[in-house]
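First up is the structure itself, then whatever we jot down about it.
The values are calculated or read from the model by the stated rules, or taken from the named source; none is laboratory data. Just so it is clear, the structure is predicted and the values come from calculations on it, not from any experiment. No Cβ is skipped: glycine too gets one built from the backbone with ideal geometry, and neighbour counts run over all protein chains shown. For accessibility, only protein heavy atoms count, side chains too; no ligands or nucleic acids. Shrake-Rupley method; radii C 1.70, N 1.55, O 1.52, S 1.80 Å.
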Amino acid sequence: MAYTAESVEHLAAQFAQLPGIGRKTAYRLALYVLKMDKEEVVSLARALVNAKEKIRYCSVCSNITETDPCGICSNAKRDRTVICVVEEPSDVLALEKTNEFKGLYHVLGGVLSPLDGIGPEDLRIKELLGRVSSSSVDEIILAMNPNVEGEATTLYLSKLLKPLVGKVTRVARGLPVGSDLEYADEATLSRALEGRIAV
Amino acid sequence: MKVVSVEIRNFRNHTDTTLECGGGLNVLVGNNGEGKTNVVEAISYLSLTKSFYAASDAVVLQVGRDEFALKGDFSGDTGVRRHVEVRYRRDTARKTFLVDHTAAESLASVVGEFPVVVLSPEQTGITMGAPTERRRFLDLVIAQASKTYLQDLLEYRRILRQRNKILLDARIQRREPGDALEPWNKSLVETGSALMERRAAFFASFKDALERAYRTLAGNEEHPGADYVPSFKVPSWSDPKEIRALFEDELRQHEDEERRTGATGVGPHRDDIEFTIGGISARKFASQGQHRTLLVALKIAEFDYLKRQKGETPILLLDDVFGELDGHRSERLLEEAQTLGQVFVTTTDLRSFPRGLVPGEKTKVFEVEGGTVMEGVH
């Protein structure tokens, strides 16, 4: 049972619900909050509520946004003929950081995984097909995670998209940049060999 | 590869055991239930990341303890020192590996780093039992030799579970799985074919080693064989496209059966090995003695294969094999084993050992009693 006050227990329990936070860290966070200035605490609480209230999903690409359509979809400078399909909003964030991709995105909201009860109808695939047929898209880039479920989703989407789009591509699997060949694990190396390209 | 020392904490009946191992023969002697096998199991655990006996990690943790820990100091053939450590915690049900004091990315990354060959009474199933036991043998050998194989194997199992879930759901809801299966079929064929190709290549080089080992042990002209029996006929392994086309075709032919059973009907998870002696099925017709010789020969061939593939001598773990073998055969095995590398042997009776078993730099005898290990015979 509780060693501290009930309100602290409650706060720690709330923190512990978050991913990557164990019981100990939850207590550390809860006790830290007690040490913070009241204004800081209020602003933290506001930030939490604010984010929840203001954030919604873009009606075009399903990315998280405050405005609908989102900043990327409504940006006139972006290339509307290329759509990059990703699993989660966090993937958009990662790709945007590269500053290399100037096209649009489409967030599926997951991958095919029968074991988790996720089928094609649970992903935003219909929306993707709608976008492709209603506007002139030249290329779809499939950027799923390199695992069994990502692979199946890539195969599933490519079959649906090929009759509709001129070019359906997928991101390459291979060696991480800046690392040494000798440190790459065997599976990555063999995939990199498999996907070798002519120079 | 040799084990220099092992530390065992809260694992089975060992609360706090440290073993300084000899470079050659290590004999663990004690009555049944005193903890001999547990020492051998601990070494295999460090190497294979799991027990060859228990199905789960929780089972090997001592009752009433929160955590077990195993540490091993190894020395490679070239003298390179390696260190491996595993911890398992009851509350999180997680085990973590440290290899050379760095956290291992995955359990799969540890397998094959410290190659071992295990021979125990349970393994008689390889030649006598169900196909699962033969597939387990096959996977464990090739996975230790090739990380790509292990990766493909883990992926294949995941694909299989996903695909079977679709089939099962469809069966329960009495509807057609439809095109939901299609992406999984492609993955199944691709990864499954890669596994089959590697298994076929394994047998091509394993057969000779098996024959050599069998003749040394049996001392006669009996001719052993090990043939790969995939779940569907593959006339030639030279064309990858052809194998995949055959696999796809087989999947189509199994469609009705799969809808009835709710499980994937064809693929490497249904493969088998046919062992023969003198061209006749060993499983059906071999005598008990022939089975034992075949099993020991298999293990020596496995040792040979791993050594060639990895360029590193595996550690040989012989658990309670002398109860199974007659005096002549066990003497041959022990002579053979000692020429191979470092060997760990468990026995209830030192008298079953050949004379010339003198404790020294190369041979060490450990007495195991109630979860404690003492060097020398007391």
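General remarks:
- Considering only A:Leu157, A:Leu104, A:Cys84, the residue lying farthest towards the positive end of the dipole of chain A is A:Leu104, judged by Cα position with unit charges set on Cβ.
- Charged side chains reduced to their Cβ positions (Lys and Arg at +1, Asp and Glu at -1) give the protein assembly as shown a dipole of some 920 debye around its Cα centre.
- Apportionment of accessible area to carbon and sulfur, the range A:6-54, percent (1.4 Å): 58
- Normalised by the number of residues in chain A, the mean separation of alpha-carbon contacts (under 8 Å, six or more apart) gives a relative contact order of 13 percent.
- Euclidean distance of C-alpha centroids, the range A:128-199 and the range A:108-124, integer Å: 18
- Dipole magnitude (debye, nearest 20) for the range A:78-170, charges at Cβ of Lys, Arg, Asp, Glu: 440
- Radius 15 Å from Cβ of B:Gly30, net charge of other residues (Lys, Arg +1; Asp, Glu -1): -4
- Of the accessible area of the range B:12-144, computed with a 1.4 Å probe over protein heavy atoms only, carbon and sulfur atoms account for 48 percent.
- The A:Thr25 and A:Lys162 beta-carbon pair, evaluated with R₀ = 35 Å, returns a calculated FRET efficiency of approximately 0.15.
- Accessible surface buried once A binds B (1.4 Å probe; total of both sides; Å²): 1600
- Projecting the Cα atoms of B:Leu306, B:Ala194, A:Thr67 onto the charge dipole of the protein assembly as shown, computed from C-beta unit charges around the Cα centre, puts A:Thr67 farthest toward the positive end.
- Cleavage-rule hits, chymotrypsin sites (Phe, Trp or Tyr not before Pro), the range B:1-82, DSSP coil, Cβ neighbours within 10 Å at most 12: none
- Euclidean distance between Cα centres, the range B:1-57 to the range A:72-96, Å: 54
- With protein chains left intact and a 1.4 Å probe, residues in chain B average 45 Å² of accessible area per residue.
- Distance from the C-alpha centroid of the range B:102-172 to that of the range B:184-241: 16 Å, rounded to the whole angstrom.
- Taking the range A:78-170 and dividing mean pair separation by its residue count, relative contact order in percent (alpha carbons under 8 Å, at least six apart): 32
- Given 12 as the ceiling on other Cβ atoms within 10 Å, longest exposed-site-free region of chain B for GluC sites (Glu not before Pro) in DSSP loops: B:222-360
- Each of B:Phe203, B:Ser106, B:Ser44 was placed along the dipole of chain B (beta-carbon charges, centred on the mean Cα), and the one lying farthest toward the positive end is B:Ser106.
- Taking 23 Å as the straight-line reach from the Cα of A:Lys52, the lysines in range (excluding those fewer than 8 positions away in the same chain) are A:Lys38.
- Sorting the segments A:190-199, A:28-37 by their residues' average number of neighbouring beta-carbon atoms within 10 angstrom, most packed first, yields A:28-37, A:190-199.
- Proximal lysines relative to B:Lys207, as straight alpha-carbon distance under 17 Å, when same-chain residues fewer than 8 apart are discounted: B:Lys299, B:Lys307
- Placing pseudo-labels 7 Å out from each Cα toward the beta carbon at A:Glu121 and B:Glu221 gives an inter-label distance of 7.0 nm.
- Label-to-label distance for B:Arg175 and A:Ile197 is 4.1 nm, based on points extended 7 Å past Cα in the beta-carbon direction.
- Between 0 and 90°, nearest 10: helix B:147-172 axis offset from chain B longest Cα axis: 50
- Evaluated at q = 0.20, 0.23, 0.26, 0.27 Å⁻¹: base-10 log I(q)/I(0), Debye formula over Cα of the range A:6-54: -0.73, -0.90, -1.03, -1.06
- Among the residues of the range A:135-155, those with an accessible-area drop of 50 Å² or more from chain alone to full protein complex, heavy atoms and 1.4 Å probe, are A:Val148, A:Leu155.
- Residue list for the range B:208-250, given a label point 7 angstrom along the Cα-to-Cβ vector of B:Thr132 and an amide N cut-off under 20 Å: B:229-231
- Normalised by the number of residues in the range B:256-317, the mean separation of alpha-carbon contacts (under 8 Å, six or more apart) gives a relative contact order of 13 percent.
- Per-residue ellipticity at 222 nm, computed for the protein assembly as shown from helices alone with -39500 (n - 2.57) per DSSP H run of at least four residues, works out to -13500 deg cm²/dmol.
- Of A:Lys102/B:Lys186; B:Lys310/B:Lys362; A:Lys24/B:Lys95, pairs whose Cα-Cα distance is over 26 Å: A:Lys102/B:Lys186
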